Amino acid sequence: MRAWMLLAFAAGNGMDPEVLGRIPARIQRFVDDGETAGLVVLIQRNGAPALHEARGWRDREARTPMTKDSIFQIVSMTKPVTGAAILMLADDGLIGLGDPVEKHLPEFRGIRLASGAAPSRPPTIRDLLTHTSGLGGSAPGLADLFEKRDRTLAEAVLVYSQQRLAFEPGSRWGYSNLGIASLGRIVEVASGMPFERFLAERLFQPLGMKDTFFYPPEDKHALIAAMYRRDASGKLHRAEFDLYRRGAKYPAPEGGLYSTAADLGAFYQAMLDGGIYRGRRILSKAAVETMTSNHTGDLKAGFAPGFGYGLSWGVIRNNDGIFRMNAKGSYGHGGAWRTYGWIDPARRMTGVILQQRMSGDGDMAAEFNAIMSMAAAAIRD
């Protein structure tokens, strides 16, 4: 769809076309300044697209332009998708959020604290979803698993279950890739299906997410965006990186998905609409409300000011979190390779920002701050 048509939709969605129309130029500037090779941005309001823009290069060296259907490795934006799978199982009555992890994964029985003492209680599914289980970010002997993908999920989680907890479950917040991966294994055990198949059948297909997968098929390889990094001087370089994961066994529930802005927009719209997408219920309204409530109280949580944590989502809990002009109660998640998505229920808006650049500033990237603020500034009703 042409940009002028999308801006016409914006006017019908209570967004100022002139203000929204400044976003493409700002995106282009990030490309021109060498911050990134290319971006795709999707803004939706009141259930319809207000802006869908692609700028820069999908493959800068080959001079392949970025397009709206470009496919990105969304890394930790995968986590709320895994969380949705868990809530589907809760809707089905197959698990309880308060269940000890060991109820579904017996290999977790007898897990210990770093001191060697037994925890006061075993970690629960809710602890895994909120990153309050005490499990860490990686396991000895499997530090390169995310790169090699040479173990099955069952094999990896067996190793994860033997790690010691860094703190008492529920007492602190500590971002845990091992915990989210373990949730993926619970999906397999409770549903009797491989994790990736469960998501394909229960989430991706019903939402029409045709370009979302853990293992990209050959006919999609040409659409996958190349990966970049910046050197010490700030210059952008192509990163040596396996874009296609041929022969991979490990789906990485904590960060393994490929997706597009449009596909993620469908998932986010379903969340915004209380679990319904185009008349079809995907999650119960109760599940969505539970996922997107702050479960971590006043604990220091998340990677940006003012955030608490819901069930696999970062949730804005106080005024410190509205620095990008999202309302309190907004929720979202980023990925390590400069990807981000958010949902603002108060303003009936969702957004997706996708690029592929290795970086350390995560959820605080300048691109996110600028685009999210500009999108909120365009709202006029």
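Note on the stretch 80-194: Kirkwood radius taken over Cα pairs, Stokes-Einstein applied at 10 °C and 1.306 mPa s, translational D equal to 113 µm² s⁻¹.
Of Asp59, Asp33, Asp231, the sequence from fewest to most neighbouring Cβ atoms within 10 angstrom is Asp231, Asp33, Asp59. DSSP finds beta bridges in the chain, and of those with both partners inside it, around 95 percent are antiparallel.
Rounded to whole Å, the principal axis extents of the Cα atoms in the chain read 60, 44, 38, largest first. The residues Ile322, Ile353, when put in order of fewest to most other Cβ atoms within 10 Å, stand as Ile322, Ile353. Per-peptide packing, taken as the mean over residues of other Cβ atoms within 10 Å, places 263-270, 109-116, 324-331 in the sequence 263-270, 324-331, 109-116 from highest down.
Structural descriptor for the stretch 80-194: relative contact order 36 percent, calculated from alpha carbon pairs under 8 angstrom and at least 6 residues apart.
The label-point distance for Gln28 and Arg164, in a model that sets each label 7 Å from Cα toward Cβ, rounds to 5.7 nm. The simple spin-label model puts a point 7 Å past each Cα toward its Cβ; for Met364 and Arg280 those points are separated by 4.1 nm.
Of the trypsin sites (Lys or Arg not before Pro) in the stretch 37-95, the ones in a loop by DSSP (not H, G, I, E or B) with at most 16 other beta carbons within 10 Å are Arg63, Lys68. Going through the cross-link list Lys68/Lys210; Lys79/Lys328; Lys103/Lys328; Lys68/Lys249; Lys79/Lys235; Lys68/Lys148, which pairs have a Cα-Cα distance over 25 Å in this structure? Beyond 25 Å: Lys103/Lys328; Lys68/Lys249; Lys79/Lys235; Lys68/Lys148. For the stretch 191-245, the equivalent ellipsoid derived from the Cα gyration tensor has semi-axes of 32, 12, 11 Å, listed largest first. Peptides 177-190, 292-305 ordered by packing proxy, namely the average of other Cβ atoms within 10 Å per residue, highest first: 177-190, 292-305.
Every number in this text was worked out from the coordinates using simple rules, so none of it is lab data. Only a predicted model underlies this, so the values are computations on that prediction, with no experimental measurement involved. Glycine also receives a Cβ, built like all others from the backbone with ideal geometry; neighbour counts cover every protein chain displayed.
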